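The values are calculated or read from the model by the stated rules, or taken from the named source; none is laboratory data. Given the structure is predicted, the values throughout are model-derived calculations rather than measurements. Quick reminder, even Gly has a Cβ in these numbers, built from the backbone with ideal geometry, and neighbours come from all protein chains shown.
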Amino acid sequence: MSKLKKYLLFTFIVAWIVECFGSYEKLQGGRAGREFFDNSLALCMMIPTLGALLAGADMKEMGWRLKLSKNWKYLLLAWLAQTVFQFIGALFYYIVFPDDFAPAEAFRRFMDAEDLKIFQEKGSPYAAFIVDVMIDSLTSFGIVIATIHALGEEIGWRGFMYPELKTNYGRTKGLLIGGVIHGAWHFPVMIIVGYEYGKNYIGAPVLGLVVFCMFTVSMGIVSDLLYTRSGSIWLPAIFHAMINSSISPEIVKGDGHPERSIFGPSDIGIIGMLPMAACAAFLVWYQYKCEQMELDELFGGDSFSG
């Protein structure tokens, strides 16, 4: 059995079992069920690393140094790109669905009564609050914890699986297949408890599985660029952490149309993911053009078409 097959069998079987147990507990309701579910998801993030170890991945060669003097531009990209993607994607969403933009309603839902009272008494503008939350999402110590959790996945996905897939199927096909695999890894919790989109969205439950795979394909392409250009596994881990912990556009969304969650405003929605998907498509095209130019230079401009 190949290393890749060993990795996929272990990673999927173990993760899907954990996801099913966690989902069952969440369906029982109560705080204990929710905490068990959250802990099961945190445990799942470590499983790709265990799968890579079992498959015999060369952990020493995954790039454990940040190399800041060389990679500072990619570090900034990993840190800030997701917030930019989220902001632009949310802007697109609220342009299409302006009636969903309801900060006052959203704040009443998200804030506890005492905090909301203080906020209203101060007459604080919603924009100031959103800026504060955004700054906190970019600078809080929680990013460090989120990066460690994300590293548990990235060692498996970007450090081991993606190089194997690109070797076996070529760069573009490998990136596409890898993104679908990453998305499918989440399917049990999405189907059983409505993870990410809920259960009442348009096209549930099938459309959510397809759209989420579109998101993970886009995410995987950007993450792979960060990894291959930097040579450091920490860069895709930081990008992954920012996806998990950056400010959510749901903070200003009303709750009158839960069926629209498949469209956004977060970056896993069809509209919300457009900035990241466009970036990913450009990267695939650009890398393809660079490869063609290298071939033309190598063979003196001869064409292989036909």
Quiz item: Looking at this structure, is PHE129 in contact (Cβ under 8 Å) with a residue 12 or more places away in the chain and over 23 Å from the mean Cα position of the chain (by Cα)?
Solution: yes
Exercise. Kindly indicate which of ILE238, ILE262, ILE270 is of a type outside the set (Phe, Trp, Tyr), modelled with pLDDT of 95 or more and under 13 Å from ALA78 (Cβ atoms).
Key: ILE238
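From the list PHE212, PHE263, PHE239, which residue is within 10 Å of the chain's Cα centre (by Cα), crowded, with 20+ Cβ neighbours inside 10 Å and more than 19 Å from ASN71 (Cα to Cα)?
On the way: PHE263 fails: within 10 Å of the chain's Cα centre (by Cα); PHE239 fails: more than 19 Å from ASN71 (Cα to Cα).
Going through PHE212, PHE263, PHE239 in turn, the sole match is PHE212.
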Practice problem: Within the stretch 145-154, identify whether any single residue is touching a Pro at 6+ places or on another chain (Cβ under 6 Å), part of a helix (DSSP H, G or I), within 25 Å of MET273 (Cβ to Cβ) and at pLDDT 95 or above, and answer yes or no. | Solution: yes
Quiz item: Which condition does SER248 not pass, out of (1) closer than 15 Å to GLN82 by Cβ; (2) crowded, with 22+ Cβ neighbours inside 10 Å, if it passes all the others?
Solution: (2)
Quiz item: Taking the stated definitions as given, is GLY256 among the small types (Gly, Ala, Ser) and either within 15 Å of the chain's Cα centre (by Cα) or under 30 Å from ALA127 (Cβ atoms) (or both)?
Solution: yes
Quiz prompt | Pairs, first closer than 10 Å to GLY51 by Cβ in the stretch 8-32, second small (Gly, Ala, Ser) and part of a helix (DSSP H, G or I), C-beta under 7 Å, six or more apart | solution = PHE10/GLY51; THR11/GLY51; THR11/GLY156
Quiz item: Is it the case that some residue within the stretch 112-125 is β-branched (Val, Ile, Thr), over 17 Å from HIS240 (Cα atoms) and either without any contact (Cβ under 8 Å) to a residue 24 or more places away in the chain or assigned to a helix (DSSP H, G or I) (or both)?
Solution: yes
Quiz prompt | Members of the stretch 151-207 found to be farther than 17 Å from ILE268 by Cβ, among the small types (Gly, Ala, Ser) and surrounded by fewer than 19 Cβ atoms within 10 Å (Cβ to Cβ), listed by number | solution = GLY170
Quiz item: Within the stretch 241-260, which residues are farther than 18 Å from PHE107 by Cα and touching a residue at least 60 places away in the same chain (Cβ under 8 Å)?
Solution: ALA241, MET242, ILE243, ASN244, SER245, ARG260
